[in-house]
1. Report relative contact order for segment 335-410 in percent, whole number only (criteria: Cα-Cα under 8 Å, sequence separation at least 6).
2. Specify the angular offset, from 0 to 90 degrees and rounded to the nearest 10, of the alpha carbon long axis of helix 326-340 from the longest principal axis of the alpha carbons in the chain.
3. Across segment 41-57, in residue order, what do the Karplus-derived ³J(HN,Hα) couplings come to in whole Hz, using 6.51 cos²θ - 1.76 cosθ + 1.60 with θ = phi - 60° and x for Gly and Pro?
4. Looking at segment 95-178, what % of its DSSP beta bridges pair antiparallel, to the nearest 5?
5. Using the per-residue mean of other Cβ atoms lying within 10 Å as a proxy for protection, in what order, highest first, do the peptides 198-206, 243-251 fall?
6. Compare the Cα positions of 275, 21, 318 along the charge dipole of the chain (+1 at Cβ of Lys, Arg; -1 at Cβ of Asp, Glu; about the Cα centre) and return the one farthest towards the positive end.
7. What angle, in degrees between 0 and 90 and rounded to the nearest 10, separates the Cα long axis of helix 398-409 from the longest principal axis of the Cα atoms of the chain?
8. How much of the DSSP beta bridge set in the chain is antiparallel, as a percent to the nearest 5?
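Read-outs throughout are calculated quantities, based only on the coordinates presented, and are distinct from any laboratory measurement. Quick caveat: nothing in here was measured; it's all calculated off a predicted structure. For neighbour counting, all protein chains shown are included, and Cβ atoms are generated from backbone atoms with ideal geometry for every residue, glycine included.
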Amino acid sequence: MSYALSMKCEVCGREFPLDSYVFRCLECNEPLNVIYDYESLKNVVSRDSFKSRVFGVWRYMELLPVRGDSIITLFEGGTPLLKSERISRLFGFRNLFFKDESRNPTGSFKDRGSTVGVSKALEIGAKIVGCASTGNMASSLSAYATKAGLKCVILIPHGTPMEKVLQTLYYDPKVFSVDLPYPELYKLSFEAALNYGLYLVHSDSPMRVEGQKTVAYEICEQLGWKAPDVVIVPTSSGGNFSAIWKGFMEFYELGFINKLPRMICVQSSGCAPIVEAFKSGSELKPWRDVKTVAHSISNPNPSLASGNRVLRILRRFNGLAEPVPDDIILNFQKILAVSEGLFVEPSSAASVAVLRKLMDYGDIDKDEIIVCILTGSGMKDLSVVKSYVGFPFKVESRDEFFEEVKKLLQ
Ligand SMILES: Cc1ncc(COP(=O)(O)O)c(C=O)c1O
Ligand SMILES: [Zn+2]
């Protein structure tokens, strides 16, 4: 049973039914939050009630807005919280953790949102799901739509490199290439939702946010029912940042944790509209000249999505936002692989690349419990790593091979 009540705008308070094809507030165009009957939930869920269930998104059934008879799952979530050994030593941290979201079925945290969004679509009788995306969200949604037997529409701009959409195309959704920039595609998808019953599961649709919030629940459990001191989130549209914050807030509200973490939003210096607005205390403005290798965090205009919501969270709850340049992102992508065995995409490496700066500024402390969210797999963008790998060591004979092995043992 679900205890979800409605979708509510946190700015004007207007509410919308859970089964409506409304994905943003029709009054003020801000994102909507699914709200629950928290008082009843307090009598229904407990730390023990979760314990006997599979560790993953659906472990938290009562805190998700789906009835239960239409769940479409590929076993998402339940990802490891790895304690850093060698990067910790490099900086002197004692409690640095990586939440490795690359282990999800299609290789990113998006699967948490897709399982809930697609299950909800099925529950309310939608025939088509869709989103505008060239990356992880597109492939994730396509996989879950296929599993559900639903049609899937993906909107991409003209000129999107084929390598970016190969994984998506492989699941056989209907991929439309349109001669419009990404923000316009986003608007187009909303029109299709309103007029033609396309059920959106885009970056900050309320149902996606619900699935993605479970990463916060898992972290609390993995830390022994404790919130971390600091959570660092690579941010683009702000859907995931908002989701993670919502997860911590709900566990706090339900009494499962007794404090909230400081949230840190990290963006690439080549596309940092949220950071810019936060630091200057001004409104969000579109980023003019996007230049970054971290493609997954390159939304130039997050005010159309959850950028304002992220700013509200940062300003109200003592958060921080920092940019990090591409060269440092790429360095840390490599360091994560060679020192921790983790192959993540550049966007994910940004959450680790920003650590030195945060430490130098005195924004984080060596003893604090710090969690970096590694949002997606390095397998997604192999073109980036090409210039960072050496060549295989060529040997001409068995003897030479054995000689080289002996050298390795010295
Ligand atoms: C790997 C990865 N990291 C971070 C993000 C940013 O998430 P959001 O757009 O919800 O801020 C994305 C979004 O596509 C992503 O694919
Ligand atoms: Zn509103």
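1. Relative contact order of segment 335-410: 31 percent.
2. Between helix and principal axis, roughly 70 degrees.
3. 4, 4, 8, 9, 9, 8, 3, 5, 5, 7, 3, 7, 9, 4, 6, x, 3
4. For segment 95-178, the DSSP antiparallel bridge percentage is about 0.
5. Highest-to-lowest ranking by the protection proxy: 198-206, 243-251.
6. 318
7. Computed tilt is about 80 degrees.
8. Antiparallel bridges make up about 30 percent of those DSSP assigns within the chain.
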